[in-house]
Every structure is written in C-alpha cells, then in structure tokens.
1. Please work out the C-alpha center-to-center distance from the range 49-72 to the range 305-322 and express it in whole Å.
2. Under a Cβ-Cβ limit of 4.7 Å, which cysteines in the chain have nobody to pair with?
3. Leaving out ligands, DNA and RNA, what percent of the accessible area of the chain is carbon and sulfur, probe 1.4 Å?
4. With every atom except the alpha carbons ignored, what do you get for Rg and Dmax of the range 22-337, in angstroms?
5. Per residue, how many Å² of accessible area does the chain show with a 1.4 Å probe?
6. By how many degrees, 0 to 90 and rounded to 10, does the Cα axis of helix 92-104 deviate from the longest principal axis of the chain?
7. Once you have the Cα-Cα distance between residue 344 and residue 304, take 0.36 nm times their residue separation minus that, and quote the gain in nm to one decimal.
8. Around residue 158, with a cut-off of 13 angstrom between Cβ atoms, what is the net charge of the other residues, counting Lys and Arg +1 and Asp and Glu -1?
Amino acid sequence: MDYSWALDFLKTLEKASITTELKKKELVTLLAADPNDSKLLFNLADRVRAQYMSNAVHLRGIIEISNYCRQNCHYCGLRCDNKKLGRYRLSYEEIYKTAEEAVNIGYKTLVLQAGEDNHYSPLEIALLIKAIKKLDVAITLSLGEHDYETYGLWREAGADRYLLKHETADPVLYQKIRPGKTLEERLKCQTWLKELGYQLGSGCMVGLPGQTLDTLAQDLLLLKKMAVEMAGIGPFIPHPDTPLAASKGGSLEMTLKMVALARIIMPLVHLPSTTALGTIHPQGRELALQGGANVVMPNVSPSQYRELYQIYPNKICVKDEPEHCKSCITGKILALGRTIGTDYGHSPKLQGGY
Ligand code: SAH
Ligand code: SF4
C-alpha cells in the first residue's frame, strides 16, 4: 500500500497547525483529504477558532430588500433573464420597520441585501442607512457593484461593512458565469471598499462547474491577499431557471474543508456558517460552526417576500417568522456549547493584532 499521500497530508496538517502561511500546493493537499482525514482538519480549525475568536457566535439579521437585479449571473435565480420569478421590492418604510423589529428582538448587526436594483437612488439608500443607524446597530450592505462615490456616500451615512464576494478566483470561469463582468472589476470594488474604511466581506461558492481544487486553493489565497474581514464560503446550489440548472452543485464535505482552511490561514476573520450549507444538509450549519465558523445570518425579511428571494431553490426557514428563526438558531448554537455574541461583532482585526 502506498502511504506517501497520507504522509504528505499529515506533514501539511502539522505545518498548518503552526503557521498561517500555506502555499497553494499545500492547500490542495489538505482539500484533497478523504472524509476520515478531513475530521483532523475540522478539529484544527475549531481549535484555532476557539483560540482567536472566543466561543461567541455572532448573529447578523439579513433583510432582503429587493429581488430585482440588472445582472445576469448564470448561477443565480435573481438574474434579470429569469422571467419566471415574481419580483418585489420593499419600500423605504417597510425596510425601516423591518430593521426596527429586528433590533427589538436583539440583533446588533443588520445586513441589507438585494440584487443590483437601480430603483433605489444612492441618496435614498444613504438616508435609510442614517435612519437605521439611529437604532444603535451595525450595518452591512450587500448591494453589489457601484461606483466609488456611491460606496463613499453610504460609508459616510454610517454603513460599517460591505459584503461583495469575489465568487471565484478563476478569471476565466468568472467571466463565463458573470456575463459582461470581470474579476478585475470586482476586486477593484473591493479595493475601494477597503480604502473607504468598510470592513470587507468577500467569499466564494464551492462546486461551480469547471472549478478544481487548484481554483479553490486560489480562492483561499485571494481572500488572504485582499485582507478581508469576513469570508462567506458556501456551496453552489443549482437553480432550475438558470443556465447552470443541470450542474451538480457543491458538497457539504468540500465546503466544510474550505471553511476550515479559511479559519486556519486567517485566524481573525469572521466566517459565516451559511444558510446555503444548511440547505444542502440538515446539520450543515452546526458542522461548519464546529469546524471554524463563528457567524450565522438568520433571515429577518418580511415573511410574505421570503420565498421570492430565490437566489437558489429550497432555502431553509423561508416560512419562519424572525423571532422563531432567532430562537431556533440560538438553541442550536447553545446546544453546541457556544454563546451568542452580545456586541456589534466588529472585526477583531480593528483592534489590531493581525
Ligand atoms: N447582488 C449582490 C448580493 C446578492 S447575491 C451580489 O451579487 O453581490 C448574494 C450571494 O449569493 C452571491 O454573492 C453569491 O455568492 C450567492 N449565490 C447566488 N446564487 C447562488 C447559488 N445558486 N447557490 C449558492 N449561492 C448563490
Ligand atoms: Fe444579481 Fe447578485 Fe444574483 Fe448576480 S448574484 S444575479 S448580481 S443578485
């Protein structure tokens, strides 16, 4: 029997336990671990998380403000060519009221997410940010690509963080699945966001067609290079009304390995255990929390719109009221022996020490 591969894995794992500087080849070796060996990786990531990020899990309430989108991403159900989807957008008052309710049930961070919807003017969003900030809450925006001035306006209005995933570090694959867009432009936006003082959230999907272990290793290295404060790594889930409908999608195992490696090479980064992971496996979110993750983003959108925010199909919790979601996820987190974060959950990198 040939043990050279196993030896290589163990040697690389040992290196990962003493340094955050892993090379692409080493990341590939760890990503190739079989299910028995990957447990060692998850345990290491859990230890790193406990050492650097405490036991607290931060809850971020996500408000999906509109499902209109001018983009046509091949992977996403909100793409403008999907004519089957009923569209909605929340009014200023509805967004504010939803935010108020979320703050009243204890959220300290709200994420405003949408397709790239031209309906809202930059100023309108800025006024909304100003109003919501008065509720004493941190704000993350996830509204796609905009110009420097718009990002600047929103930052000045009080937005703390911006979530704009790079999606895939392979520039050729990127252009294929985001028609008319380039990875370079995406990274330019991320650089602006950093310059403007946002805490930057990036991330990628796992299981895109054509993706290899090499690409996934590049995704991790790109996150590190961009010095992100948050990395959202979730499985790609094929949507039936998109060009990628027939794809296989991402696996639980590979997504967990990616989350674990993100924790190992970036100990102070916030790592959400994604709803997409909970969608492909009933224990997906718990497993990620036990393998490096420290953030959960429950949905606080008004229930009548939730089913329409169909980035991918069969999303969990779409029928649950915000209060129910919060107590349900809180129960799951406490059952893992973890606590719920009580502060804004800003990046620990802001306190120095990276
Ligand atoms: N329009 C904004 C924000 C909404 S999309 C943007 O694109 O940045 C939010 C995230 O959903 C994307 O970053 C992408 O990573 C994820 N997503 C889209 N379609 C998906 C799918 N089919 N499976 C899993 N994640 C998906
Ligand atoms: Fe629009 Fe974002 Fe979906 Fe792309 S991923 S179609 S930008 S909502």
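The values are calculated or read from the model by the stated rules, or taken from the named source; none is laboratory data. Predicted model only: the values in this text are computed from it and were never measured. Here the Cβ positions follow ideal geometry from the backbone for every residue, glycine too, while neighbour counts run over all protein chains shown. For accessibility, only protein heavy atoms count, side chains too; no ligands or nucleic acids. Shrake-Rupley method; radii C 1.70, N 1.55, O 1.52, S 1.80 Å.
1. 15 Å
2. 69, 80, 189, 204, 317, 325, 328
3. 55 percent
4. Gyration radius and largest Cα-Cα distance of the range 22-337: 18.3, 53 Å.
5. 42 Å²
6. For helix 92-104, the angle is close to 50 degrees.
7. Gain in length upon complete extension: 11.6 nm.
8. +2
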